[in-house]
1. Which of the residues spanning region 426-442 are touching a residue at least 12 places away in the same chain (Cβ under 8 Å), in contact with a helix residue (DSSP H, G or I) (Cβ under 9 Å, 6 or more places away or on another chain) and not in a helix (DSSP H, G or I)?
2. Scan region 287-302 for residues that are in a loop (DSSP other than H, G, I, E, B) and surrounded by 20 or more Cβ atoms within 10 Å (Cβ to Cβ) and jot them down.
3. Give me the pairs: first residue in region 604-618 and farther than 17 Å from residue 530 by Cβ, second residue not in a strand (DSSP E or B), beta-carbon distance under 8 Å, and six or more apart or on different chains, which are they?
4. Between 340, 282, 309, which is under 28 Å from the mean Cα position of the chain (by Cα), modelled with pLDDT under 90 and of a type outside the set (Gly, Ala, Ser)?
5. Quick one: in region 455-465, of everything that is farther than 15 Å from residue 350 by Cα and in contact with a strand residue (DSSP E or B) (Cβ under 6 Å, 6 or more places away or on another chain), which residue is surrounded by the fewest Cβ atoms within 10 Å (Cβ to Cβ)?
6. In region 381-415, which residues are surrounded by fewer than 24 Cβ atoms within 10 Å (Cβ to Cβ) and part of a loop (DSSP other than H, G, I, E, B)?
7. Among the residues of region 471-497, how many are crowded, with 18+ Cβ neighbours inside 10 Å and part of a strand (DSSP E or B)?
8. Counting just the residues of region 62-120 that are open to solvent by less than 10 Å² (accessible area, probe 1.4 Å), hydroxyl-bearing (Ser, Thr, Tyr) and over 20 Å from residue 160 (Cβ atoms), which one comes out nearest to the chain's Cα centre (by Cα)?
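The values are calculated or read from the model by the stated rules, or taken from the named source; none is laboratory data. Quick caveat, the model's predicted, so the values are computed rather than measured. Here the Cβ positions follow ideal geometry from the backbone for every residue, glycine too, while neighbour counts run over all protein chains shown. For the accessible areas, the whole protein counts, side chains as well, though only heavy atoms, and no ligand, DNA or RNA atoms are used. Shrake-Rupley method; radii C 1.70, N 1.55, O 1.52, S 1.80 Å.
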Amino acid sequence: MTRSSSLSFRTCLSSAAVLFFAGGAALAWGPDITRKPQNPVPGSPEAAPRFKPLPPPALNFYGTPGLLDTPSSEMLPDGTYAVSYSWFGGTSRYNITFQALPWLSASFRYNGIRNLNLFGFSTYYDRGFDVRARLWREGKYLPEVTMGLQDFAGTGVYAAEYFVATKRFQTPALTRRGSPGQLKISAGLGWGRLGSSGAIGNIGGVRPSFVGGGTGGDLSYDQWFRGDFAPFGGIEWQPNERLSLKAEYSTDAYRTETQISDVFERKSALNFGAEYQYSDRTRLGAYYLYGSEFGFSAQFQLNPKQPLTPMVVPAAQPIVPRSHWARSAADWSQHWAASTRQTTVFRDQAAEALKKDGLILEAITFSGTEAELRYRNPRYQSDMQAVGRVARIMSATLPASVETFRITPVRNGIGLSTVTLRRSDLEAQEFAAESRAGIMAVSAITAAQPLAENAVFSDELYPAFSSNFAPYTKPSYFDPARPFRLDFGLDLTGSYAPAPGWLIGGALRQRLAGNVSSTRTSNSVLPHVRTDISEYAQYGTTLENLYVMRHWKPGRNLYARATAGIFETMFGGVSGELLWKPVNSPLALGVEANYVIQRDYDQRLAFRDYKTFTGHASLYYELGNNYQLQLDAGRYLAGDYGGTFSLDRVFNNGWMVGAFFTLTNVSAADFGEGSFDKGFRFRIPLAWMLGTPNRRGFGLTIRPTQRDGGQRVAVPGRLYGGIREAHRARLSDQSVRFWE
């Protein structure tokens, strides 16, 4: 089996920068990186006292809560995204762990074993997945207990299963005024790697040993909790909140590294270490392992619920009740609604106020007592926060006779939903004790209606041209000759919107330097729809995309998209999509059809001979607690048929972490390394890092192995993600943002 693959990106940002930027920032800024916001909004989280969170559990060498080379039963805080690196005895491990639920976590690991000299490689590289589930919490007398599967889908070089229990005890303070310390005792039973030394029993006979080769990627469920099992355990003493001392008894014999090969010498089963919590997010450790080796680790733990920089939002437009300024009958007159000049004045006032708040007026419709304002939100991550800002601006700029506000967010020329509320309720709720629940109780969220014929458009929108000039990075991972490669350069992007719903977009790319062009040549027996990455990386100046796109609503609860042109680096063609998504329903159904042609390697205007039809039917469902399920079934780029299962957790502040797998009619042998397509993805919003309102972010999709089976074309402007952001479920989840 070839021990590497490329890393597929949804954006052109370096994986190294993405994974370690936030942790590195925490390291550089030191222990205290909080910053008080200026002008906090009443009722917002920024206005409340800020409490320092407790240090999360430390990670072991596999990137999961534990001691050194063995696990503990602890769980990270819900939603934590942890990145760690560990090294000892010629073995390096890069780990990513996500706490998907309070009781469930998953990890991805990329490791290298230097001087293994097996399977045709001096340094053996491998990828693995772990999953852990807590069985019960710690009680007054009972310990916390967790079950884990280590390296359960792959070649199984580190395959192990275990049950582990951890109990915590308070210890006396070291000084008279110091805070109490903590002692953690962990003990468990392990199989596989964790049952290879000091076994006390056997279940199911002899367990197959790791021999390498094969395609990998399959679940080895027939080996789980099979073979010899052995007890392991250890202690961790934290005399204060910064320092921890660890000792463990490890039952990993490291047979492959010490008996089959000669990576290091295992003289003892005892390991010792010391760790220092440098900041709230950064932990460093040094260790002595197996009686012969020194090691170290660096751990960075990020929680979407705890931003790097507290959000600083300009003060919102205050609501002044009409009773304070509309005192005469003339102030309540509705005659203005019949005057074009007057409505134009009110439109311009609203547009100017929106512009100061980072929002864009699309159109406004007036009657004597009602107004509908349609707007774009290029600034706020939360659509509900934008709705609240628009409501305040309408209250400040519209005549006193307007009692009903209809607020409609617009994206790509389409009205996504309408939030309807009464102005008098807005005036009464701003400083109410339960203003969040109160405003939701008096608001209605409905489908956006067709634009009224008497709507007054902004005179600054169409036609519209925009451009951007920015650096890009494009890495390639897991090549056995060089696990990390990187190209970097500059992107020039531009777009032209001639009318609502229409967009012409394109991007030119100039590669300045890099070595992705040296990536290994594809050995795929399928059509090379994704594995010819080295061929596409040979050229300096390329046309990244160039397309015409239209969005529209063909009927009630229906959204449509049509796109033609060059979609991405490798494919162009024509694409159509239809989505059914009621504004108040968690369910959505979609269908997409594409006829695509593979682009020439130089990425200009020429195409290769490969043409194919690809398309999918999709089901989307919002599961609650910010979880989003997606099922796709159809035909993929290599002509294979099958389906993709995706599960994403999308936090209210824009963080997204998810995983997916695809099964098609391509056999594991024809698919090649990895057996089937799978991976995980994440997106980090810039606002979470910078502390200023911003809808932009960066993210990536990591595939342990990039192959040709189960691949989809990347078409700009797909419908579902942008539409659901302004529907009831998301607006309700973000209701607290209305007053910010």
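1. Hits for region 426-442 are 430, 442.
2. Passing the criteria: only 290.
3. Partner pairs satisfying both residue conditions: 606/600; 618/720.
4. 309
5. That would be 465.
6. 398, 399, 400, 401, 402, 403, 412, 413
7. Number satisfying all stated conditions: 10.
8. Among those residues, the one meeting the criterion is 81.
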